[in-house]
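First up is the structure itself, then whatever we jot down about it.
The values are calculated or read from the model by the stated rules, or taken from the named source; none is laboratory data. Small disclaimer: the values here were computed from a predicted structure and weren't measured. Quick reminder, even Gly has a Cβ in these numbers, built from the backbone with ideal geometry, and neighbours come from all protein chains shown. These accessible areas exclude ligands, DNA and RNA; they are computed on the full protein's heavy atoms, side chains included. Shrake-Rupley method; radii C 1.70, N 1.55, O 1.52, S 1.80 Å.
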There are 4 protein chains.
Amino acid sequence: MTQTSMTATGFGGEDIIRDYIAKYSNWGRWGEDDELGALNHVGPEQITAAAGLVRQGKVISMTLPYDLFGPQVGAFRANPLNMMTATGTDYLNGCQDPLPADWGPAYTFGFADDVIVMPNQSGTQWDGLCHIFFEGKMFNGFDAGLVSSKGAAKCGIEKFRQKMVMRGVLLDVARYKGVDALEPGYAVTAADLDATAAAEGVEVRTGDCVVVRTGLLGQRRAKWGDYCGGPAPGMSLHTAPWLAEHEVAAIATDTWGVEVRPNEIELFQPLHIVALVHMGLPFGEIWDLEPIGADCAEDGVYEFLLSAATLPITGAAGSPLNALAIK
Amino acid sequence: MTQTSMTATGFGGEDIIRDYIAKYSNWGRWGEDDELGALNHVGPEQITAAAGLVRQGKVISMTLPYDLFGPQVGAFRANPLNMMTATGTDYLNGCQDPLPADWGPAYTFGFADDVIVMPNQSGTQWDGLCHIFFEGKMFNGFDAGLVSSKGAAKCGIEKFRQKMVMRGVLLDVARYKGVDALEPGYAVTAADLDATAAAEGVEVRTGDCVVVRTGLLGQRRAKWGDYCGGPAPGMSLHTAPWLAEHEVAAIATDTWGVEVRPNEIELFQPLHIVALVHMGLPFGEIWDLEPIGADCAEDGVYEFLLSAATLPITGAAGSPLNALAIK
Amino acid sequence: MTQTSMTATGFGGEDIIRDYIAKYSNWGRWGEDDELGALNHVGPEQITAAAGLVRQGKVISMTLPYDLFGPQVGAFRANPLNMMTATGTDYLNGCQDPLPADWGPAYTFGFADDVIVMPNQSGTQWDGLCHIFFEGKMFNGFDAGLVSSKGAAKCGIEKFRQKMVMRGVLLDVARYKGVDALEPGYAVTAADLDATAAAEGVEVRTGDCVVVRTGLLGQRRAKWGDYCGGPAPGMSLHTAPWLAEHEVAAIATDTWGVEVRPNEIELFQPLHIVALVHMGLPFGEIWDLEPIGADCAEDGVYEFLLSAATLPITGAAGSPLNALAIK
Amino acid sequence: MTQTSMTATGFGGEDIIRDYIAKYSNWGRWGEDDELGALNHVGPEQITAAAGLVRQGKVISMTLPYDLFGPQVGAFRANPLNMMTATGTDYLNGCQDPLPADWGPAYTFGFADDVIVMPNQSGTQWDGLCHIFFEGKMFNGFDAGLVSSKGAAKCGIEKFRQKMVMRGVLLDVARYKGVDALEPGYAVTAADLDATAAAEGVEVRTGDCVVVRTGLLGQRRAKWGDYCGGPAPGMSLHTAPWLAEHEVAAIATDTWGVEVRPNEIELFQPLHIVALVHMGLPFGEIWDLEPIGADCAEDGVYEFLLSAATLPITGAAGSPLNALAIK
C-alpha cells in the first residue's frame, strides 16, 4: 500500500503555518474528546445576551435558495436537485385516487412529496470540523481515518446540533470600503476587520460568529462563473491571530471558501488549516449577505441573534442551513 | 383525459368538515396572494416577546438524526442516505494528492465531502402549504396544478424562510396523563390541551407554535414498526376550533402525521384538510420531543424561543429542519 | 384548472406533420394494447438472421462511459454521479472489520459498493415510447396522463426488456461524405441514407436498427459545449417516409436528439412526433459511434447483431444501456 | 493510523482457502495489467460459436425489474428509486408550454423525463473484480487502495464493457432435484452441477457463463424476507476446482450472493475470495431465472447466446444489467 507521508514540508509559508499552529491551536483545550472546538466559546451567558439583541422582531435569512440555479458547475459538486415524487398535476389527473398504501379512497384528498439530492457543501453551508485534514489529522488530533464511506465517527456535523445559536456580528468590509465587492485576490486583514467594526460601532466579543461581507456573492448571483474555487476576495491567513484573540466561535462569508483565493502561501486554503483544523472554528460558506448588509446599513445595527442550526445529518462533513439573523 | 371530480362528497363526516372549513378558513384573510397562512399571526411583537423567553441560555434540539436508522421503511419514503464523496481514508491512502482541479500539491491538506439523498418528509420535518390538496386546491385557493414536477410555483417551503421564529409552547399531554406514551388511536382533545396547559402553568397565545408530545416517538425509537402511517395517538380533528381560536401559527408533534390515526371520519387526514389547507397552518412532524419533554419537566418552563427554520429548497413541499428550543 | 388545448394548430409545417401522421402512423397496427411499436417488426426470423452475422467474434460497444465527464451541463439534466458507499481505502484503514450486519470478523475480507444517481437520458440512451407526447397522447393513443410521478403505466421502458436484439446497420454518413462530422444544421436526407448504404454495400431491411453516424460526438468529446440541445446535424423530418417504408424497428445516432437542430419546421423535434409518437420507433441518442465507424470502415462490414438491452426500470421514460455491435 | 493487519489467519478453513488459491489463482496469468480475469477465456471463437446457438430467434430476460418492489430492505442497500422530472400529467396541465430552455412554444409537444437513484448491487447485477478484497488486494494483486471515493482506478466495471457476450449454460439444479427451490443452507456441489448438466444433455465449456438456478428467487418474489444476506442455497466453496477446471468465464445465480449461506467455513463468502478475487470470475447475482428455467425445461435446450452487458459506469464496483438469453 502506497501512502502519502503525513508530514507536510517543503512548501512556501511552512514557517508561518507552524508558528500559527503553535500559538493558536485549541487541540486539547476543552478535553481530548472535544468535538465542538471554538463553539465552546459560546456558553449560556453568550446565548442569553445574544437573545437580548432581538429588539425589532425582524428575521433576515442569509441563505441562498437551494436549487439548480446555485453556484456549482458540476463535477466537483453539483447544485441541489429537488425531485417531486407526488404532484398536484398527478392529483388533478386522478392519479392519487385511491390513495397509496391502505389509506382508502381520496375524496379529493391529495398531496405533494419530494426527494432532495444535494452535496452538503453545494450552497449556503457550515463546514464541520471533520471537513478538513492536515498531517493526517482533523480537529483535536482525531485521526483522518475516522472519516470513512460510512461517515465521520468523530467531528460529524451532527455534533453541532445544539450549538449554532450565538451573537452574530456583520463586518461589512465591502460597504466600509465603499465598493460593491472587494476584488478577487483581495485579502481582508485584521486591520480591515477592526476598521470596519469601528465604523459600524460594534465590537467583536467572545463567542461571536463573525460574518464578513465581501460583496462577491451579490456581484456574481445568476452569473456565477468561477465563483466556486476561483479567485475571490476573502480572509487573509494572517487574520488567524485576530480570530484567536477575539475568541470567535465561528466565521462566515459570502464566498465559496472564506479565505482569499489565490492563497497567500503555497499551501491550499491555509486558514482552514490554522483556524478550522487547529482552532476548531466552523466555517460558513456561500452565505448570501446582501439582505443583511442592506438591512444593517439602514438601521445601523450590526449585531443580532444568529440562529444557524446545522441539520443533524449523522456523520456528515457539512450541512446546508438556513442562517437567520434575528434583530 | 380522465379526471377525478374535484368535489368531495359522500364520505362519512362530510358535514363536520364543511362546517369547520366554513368557520375557520383563512383563504383570503391576508390577501389573495398570501402564501404564509397562519404564520401571519407572528409579527415583530411576537418575535421580540419570544426572544425575551431566553433566560437560561440553553438550546435543545427537537430533531431526530438524519440517517438510515430513521423511521421510514422504504417504498413510500426512504430514510436519509448520506454518501461520502471524499473521505479521510482516501486521504490517508494518498488518493487526494495532488488536489483536484488545478489546486496543486496537497502538502498533507485533505478533505471530506458528501452528498445527501433524502425525501424531505422522511424525518423531522415541516409540511409546506403546498403539501396537501382538497377539492383541487391548496391553501388560499391556489390551484393544485401549480405543483408540478418542477416544484411548487405557489406555497413552496422556501416561502417560510424568514418565518419560522416564534414562541414555542410544549404541551406534554403524555406526561400530564402520566403515561410514557398515549395509545395509538387516542385523539388528543381541546380539553386535553387546556388541561395540560393549565397543569404546566402556561397559556397559548396568538402566533405560538404548539408542540404536542404524545410520547410515541420515544417509545418507538429504533424499533419503529408501523410508526410511519400506522395507528398513532394525535390531534383530534375536533381541535380545529381550538387551533383557530388561539390563533396558533404552527403545530408540531412527535408522530408521523400530527393527527390521530385511524382518522375519526372517513376522510384521510381530515385535520390536514381543515388546518393545513384551509387555515394555512404548517404541520411539524416526526419531531423528537423526548429531550425537551424532560427538560421542561425539570425546570417547569414550558415556553421558549422556537427557531425552526426551513431550508429554502425552491418549490419543495416540505423541509427537514433542526428545530431548536431556546430557553 | 388551466389546461393547454390539446389540439396543435397554427405552426409552420402543420400540413406536412399531419400528412406524415396520416400516412405512417402505426397506432392500432399491432392491436390497441400494443406498447412495442416498430419493435414488432423484429420477429424470430430477424433475430436468427441477425445472429448469423456474427462471423468474427468481435464485440464493439457504442456506449459512452457514464460519469461526470459526459455531455450534460446540469439544470435540464446532469451527468451520471456514481458514489462509493464502501471503498478499498476504508478497508485498508480497518473500517470494515468487523463486517456489517452480523457477518462477523472480516479476516481481511473487504468490499466496495456504490450508488448511482443519473438521469436516464443523460448519456447513451434509449428513449421509450412514453418519452414524447403530441396532442395529449403518446404512442398508440395512450393518454399522456398515464405518465405520472409514479412512472409510466403504459409504454414504460421496461416493456422493451426482451426486444432490443436485432440486426444493426451502420450508415456512416459522415464518412461517406468524407468529413469528420456533418455540420450543425445539416439535415440527413433519405437520399443520403440510400447513397451511404449503397456505398457501403449494405441494404436496410425490415426489423433493422438503423444507426446513423454524423461524427458530432467524436468532434465534441470532452469539449461538449452545446452538444446537448444546440445546433446539430441529424435526421431530416423528411426521412419519415423512408423509415416507414423500410419498416425500420429503431434508430440511433451520435447526437443528442437524433434529428437535425434547428428543426426544419416550427414544431419542436417533429421527427419525434412522427416517428416516435406515431410510428412507435424507439430513438437511440448520444451513442458513441466512433469505434464502430472505424471498425466498419476497416473490415467493410456495416451490419451486425445489435444487442442493446434496456434496463427494465419500471415505468421509466428511457434507459441507459450498453449498445453492443457483435460481428 | 490504525490499520488492520492484512494477513488473514486464525480462521477455520484457512488451509482449504490457501490451497485453492495456490492451485487456482489466475493472478498474472494474462499479464500483470490484466483487469478482465476469467473473461479472457472468451475469445472470438467462443463468441462466434455462441451466436450459432441462436436458432429459434427467442430472447429471454433474466433480469428482475428495477423498482421499489425489489429485494432490498434498506440500510445496507436500498431498492432502485426512479423519479420523474417531467410527466404527462404536468404536460396535460399546461406546465410544459412554453418548452424549457429557448425551445419555444410547445404546440402540444410534451415529454417525460426521469432520474434513477440505485445501488449498483441492489438488483440483478454483475459484481466487478474490484468488488471484493482479500489480504489487501483485489484481482490480479491490485492494491485495494486503488478503490477510493472517486471509484476504482483498476478493475472498475467499465472494463467489461465489450466482454459480456458468451455462451450461457443453465444448470437448473432445483428442477433436476425435483424441488421448487433448494433449501437455504444447501451447498450445490460439483457433483450436482455435473449431474444436472448430464440430465440436461449439455456440457460446460471454456468461456461459458454458468447460470445456476436454485429456485430461491421465484420462491421469495414479493415476499423477500431475508433473501438479501440471509440463509440461502448456493454454490459450495468446493466448486472452486470445478469452476477452474472448466475454465468458466463467469457465474450467475438467482440468489443474493452466489454462494451458500451460512458459509461453509469461518471466512465470509469464501468462494468470492477464491473465485472472484483470485480466479477473476465475475459473479452475477439476483438473476431472475424463473422464465429461462421454464423455457429450457420446455424446449430442452439449456445453452444460449448470453448477452449480459454491464453499463460502463466509470470506476463502479458493479452494474445493473439486462441479462438476455438468446436462443
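Close Lys pairs in chain C, defined as Cα atoms under 28 Å apart and 8 or more places apart or on different chains, number 18.
So if we plug the beta-carbon distance of C:Ala199 and C:Glu245 into 1/(1 + (r/R0)^6) with R0 = 22 Å, what FRET efficiency do we get, rounded to 0.05?
Computed FRET efficiency for C:Ala199 and C:Glu245: 0.65.
Across the options C:Gly300, C:Ala325, C:Leu311, the greatest Cα extent toward the positive end of the charge dipole of segment C:189-327 (unit charges at beta carbon of Lys, Arg, Asp, Glu) belongs to C:Leu311. Apolar share of the accessible surface for segment B:38-79: 61 percent from carbon plus sulfur atoms, 1.4 Å probe. Accessible surface computed residue by residue for the protein assembly as shown, with neighbouring protein chains in place and a 1.4 Å probe, gives 30 Å² per residue.
Placing +1 on the Cβ of every Lys and Arg and -1 on the Cβ of every Asp and Glu, with nothing else charged, gives the protein assembly as shown a dipole about its Cα centre of roughly 0 debye.
At a threshold of 20 Å², the residues of segment A:309-326 that become less accessible to a 1.4 Å probe in the full protein assembly than in their chain on its own are A:Ala309, A:Leu311, A:Pro312, A:Ile313, A:Thr314, A:Ala317, A:Asn322, A:Leu324, A:Ile326. Of the residues C:Asp15, C:Asp127, C:Asp192, the one that moves most in a GNM of chain C with alpha-carbon contacts below 10 Å is C:Asp15.
Between this copy and the others, label points of B:Val179 are 4.8, 6.6, 7.8 nm apart in ascending order, each placed 7 angstrom from Cα in the Cβ direction.
Put a plus charge on the Cβ of each Lys and Arg, a minus charge on the Cβ of each Asp and Glu, and nothing anywhere else: the dipole of segment C:58-180 about its Cα centre is then about 820 debye.
Dipole of chain A computed with +1 at Lys/Arg Cβ and -1 at Asp/Glu Cβ about the Cα centre; of A:Ser61, A:Tyr91, A:Ser149, farthest Cα towards the positive end is A:Tyr91. Among the residues of A:160-172, the average count of other protein chain beta-carbon atoms within 10 Å of the residue beta-carbon is 3.
Peptides A:78-89, B:16-27 ranked from most to least packed by the mean count of surrounding Cβ atoms within 10 Å: A:78-89, B:16-27. Computed over chain D, the per-residue total of -39500 (n - 2.57) for DSSP H runs of n ≥ 4 gives a 222 nm mean residue ellipticity of -5000 deg cm²/dmol, rounded to 500. Note on C:37-49: average number of Cβ atoms from other chains within 10 Å of each residue's Cβ is 2. Protein heavy-atom surface of segment B:174-250, 1.4 angstrom probe: 50% of the accessible area is carbon and sulfur, with nucleic acids and ligands not counted.
Scanning residues 5 or more positions from C:Lys137 or on other chains, those with amide H under 5 Å from its amide H are C:Ala144, with H placed 1.01 Å from N in the peptide plane. For the peptide B:61-71, the mean number of other protein chain Cβ atoms found within 10 angstrom of a residue's Cβ is 5.
Solvent-accessible area lost on pairing C with D (1.4 Å probe, both sides summed) amounts to about 8000 Å². Taking the Cα centre of chain A as reference, the dipole from Cβ charges on Lys and Arg (+1) and Asp and Glu (-1) amounts to some 140 debye. In nanometres, what is the gap between the two model label sites at B:Val179 and A:Phe69, each 7 Å from Cα along Cα-to-Cβ? Going by the 7 Å Cα→Cβ label model, 4.9 nm. Using a Förster distance of 41 angstrom, determine the FRET efficiency expected from the C-beta separation of C:Gln56 and B:Leu99, and round it to 0.05. E between C:Gln56 and B:Leu99, to the nearest 0.05, is 0.35. Give the distance, in whole Å, between the Cα centre of segment C:67-119 and the Cα centre of segment A:1-68. When both Cα centres are located, 30 Å separates them.
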